[in-house]
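Colleague: I'd like to ask some things about the structure below.
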Amino acid sequence: QVQVVESGGGLVQAGGSLRLSCAVSGFIFAIHDMGWYREAPGNQRELVASITRSGTTTYADSVKGRFTISRDNAKNTVYLQMNSLKPEDTAVYYCNAKTLGPELWGKGSLVTVSS
């Protein structure tokens, strides 16, 4: 049974920081890209950041310079360090892992940034 478990969401004031973690476990084919998406009320799900197995990163323009994605391949884990958070960062954040088999999604972690 494959599990995708996210942690680290919560409520924070504007300017604060949070760190999201996502661990993939179970019988899985090789994971290549991992990433974080977010979905705010009334908006479509959008890519926040992604990272290849070799460490190449991609960021949405809205988070460049504030968010940092990283991963531990040995643990099948991806992280998202979020600094200088803004109210517009409020959303449900979803972990994503692309494998040689099915694409995997977490259940989502709510991040709320108060002004």
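The values are calculated or read from the model by the stated rules, or taken from the named source; none is laboratory data. Fair warning: this is a prediction, and the values are worked out from it, not measured in the lab. Note that each Cβ is placed from the backbone with ideal geometry, even for glycine, and that neighbours are counted across all protein chains shown. What goes into the accessible areas is simple: the full protein's heavy atoms, side chains included, and nothing from ligands, DNA or RNA. Shrake-Rupley method; radii C 1.70, N 1.55, O 1.52, S 1.80 Å.
Colleague: Under a cut-off of 17 Å between alpha-carbon atoms, report the aspartates and glutamates in cross-link reach of LYS107, not counting same-chain residues fewer than 8 places apart.
Modeller: Result set, ordered by chain and number: GLU6, GLU39, GLU46.
Colleague: May I pose another question? Taking the Cα centre of region 1-114 as origin and charging only Cβ (+1 Lys, Arg; -1 Asp, Glu), how large is the dipole, in debye to the nearest 20?
Modeller: 200
Colleague: Moving on to the next point. Rounded if a/c is under 1.5, else prolate if a/b is larger than b/c, else oblate: which is the chain, with a ≥ b ≥ c the root eigenvalues of its Cα gyration tensor?
Modeller: Judged from the Cα gyration tensor, the chain comes out prolate (a/c at least 1.5, a/b above b/c).
Colleague: With a 1.4 Å probe and all protein chains in place, put PHE67, PHE29 in order of accessible area, largest first.
Modeller: Largest accessible area first, the list is PHE29, PHE67.
Colleague: How big, in percent, is the set of alpha carbon pairs in region 50-115 lying more than 19 Å apart?
Modeller: Counting pairs separated by more than 19 Å, the tail of P(r) holds 37 percent.
Colleague: Would you look at the GNM of the chain, springs on alpha carbons closer than 10 Å, and say which of ASN76, ASN96, ASN43 moves the most?
Modeller: ASN43
Colleague: While we're looking at this one, here's another question. Give the ranking of GLU39, GLU6 by solvent-accessible surface, highest area first, calculated with a 1.4 Å probe.
Modeller: Highest to lowest solvent-accessible surface, that is GLU39, GLU6.
Colleague: How much accessible area does GLU46 have with a 1.4 Å probe, in Å² rounded to the nearest 10?
Modeller: 80
Colleague: Continuing with the same structure: In the Gaussian network model of the chain, springs joining C-alpha atoms below 10 Å, which of GLN81, GLN13, GLN44 carries the largest mean-square fluctuation?
Modeller: In this elastic network of the chain, the residue with the biggest mean-square fluctuation among GLN81, GLN13, GLN44 is GLN44.
Colleague: Give the accessible surface of the chain per residue, rounded to a whole number of Å², with probe radius 1.4 Å and ligands, DNA and RNA excluded.
Modeller: Each residue of the chain exposes 54 Å² on average to a 1.4 Å probe.
Colleague: Have a look at region 1-68 and give its Rg and Dmax from the Cα atoms, expressed in angstrom.
Modeller: Every Cα atom of region 1-68 included, Rg and Dmax give 13.7, 39 Å.
Colleague: Turning to a different aspect of this structure: Top mean-square fluctuation among GLY26, GLY35, GLY55, Gaussian network model of the chain, C-alpha springs under 10 Å?
Modeller: Of GLY26, GLY35, GLY55, the Gaussian network model singles out GLY26 as fluctuating most.
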